[in-house]
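Each value in this text was obtained by applying a stated rule to the coordinates, not by laboratory testing. All values derive from a computational prediction rather than experimental measurement. Quick reminder, even Gly has a Cβ in these numbers, built from the backbone with ideal geometry, and neighbours come from all protein chains shown.
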């Protein structure tokens with residue numbers, strides 16, 4: 001049973017913390033969204049269906065990737081690739097996760113949240129299933145995988161925001177997508193170096209065979225600039241976000257820490273997931289998030305006390 005749970009990757013549920021960003025954006029831009037403990041409970045519970053659907057996508061990924069995982073230095077030890085699990089049982093496990101995830105969504109959330117959840121499931125299909133299988137298409141893999149960031153933004157937004165009639169601003173969506181692009185390109189860069197160049201990488205995944213260190217570095221710089229540009233536009237356009245200008249120095253340090261570690265010799269020996277566990281990257285990311293939350297939510301939380 002433990003091997004089946006490993007394939008669902010509950011340790012990767014932490015990625016859904018990005019849903020909280022959607023909560024914060026809704027609370028800041030939509031006056032009256034905060035309704036006390038009920039809002040807090042709804043926000044916390046909104047992570048549950050998303051985690052279940054994410055696990056369903058991980059199961060699909062591992063089943064379809066098994067022939068390629070056997071060519072990877074470490075992924076060849078995964079459950080399906082190593083023959084430690086029965087694939088029919090995995091399909092049944094995936095179906096159960098999808099059914100429970102959407103049942104919870106329909107019972108507790110509005111159609112906007114359910115639509116975003118369907119997009120999360122669809123992203124796993126277009127990313128993994130032939131003939132489209134975007135993970136094998138150069139740059140398409142990064143764009144598709146990073147699109148999960150806007151989806152998580154919508155999940156957080158519609159968990160609290162009314163439907164229909166409200167969507168998060170396009171500038172914020174684009175900035176958040178580009179931030180995901182930066183992380184995913186860094187993941188490809190780490191994976192490329194970990195496996196050991198184009199020839200070996202191409203045997204594991206077709207898209208990696210077309211990348212070079214130079215092209216991936218240029219892409220990371222491009223996504224970082226686009227993120228800053230989109231975030232700057234959002235801050236300048238929406239008065240409740242003006243305070244975020246003070247967070248930018250911390251965000252820039254976090255990005256520098258990410259680049260420094262990704263391009264180091266130590267980073268070259270790490271798998272992509274290990275790359276993001278660097279203490280300095282975690283520290284500056286947490287500082288950025290804490291500073292942003294404090295500047296965004298302080299006026300919302302202090303206003304009732306002031307009156």
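Figures for the structure shown
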quantity	calculated
Among [x] -0.34, -0.44, -0.97, -1.07; [y] -0.28, -0.37, -1.00, -1.15; [z] -0.33, -0.43, -1.07, -1.21, the entry derived from the coordinates for log10 I(q)/I(0) by the Debye sum over Cα atoms at q = 0.07, 0.08, 0.13, 0.14 Å⁻¹	[y]
Mean separation of Cα contacts under 8 Å (6+ apart) over length of the range 1-58, as relative contact order %	57
Per-peptide average of other Cβ atoms within 10 Å, ordering 64-73, 252-261, 80-89 highest first	252-261, 64-73, 80-89
Mean separation of Cα contacts under 8 Å, 6 or more apart, over the residue count of the chain: relative contact order %	18
Within a Gaussian network of the chain (alpha carbon springs, distance under 10 Å), most fluctuating of 29, 170, 20	170
The range 1-167: C-alpha gyration tensor shape, a/c 1.5 cut-off, then a/b vs b/c	prolate
Computed [θ] at 222 nm, helices only, for the chain once each DSSP H run of length n ≥ 4 contributes -39500 (n - 2.57)	-23000 deg cm²/dmol
Degrees, to the nearest 10: 248-262 long Cα axis against longest axis of the chain	10
Relative contact order [Cα under 8 Å, 6+ residues apart], the range 1-167, whole percent	34
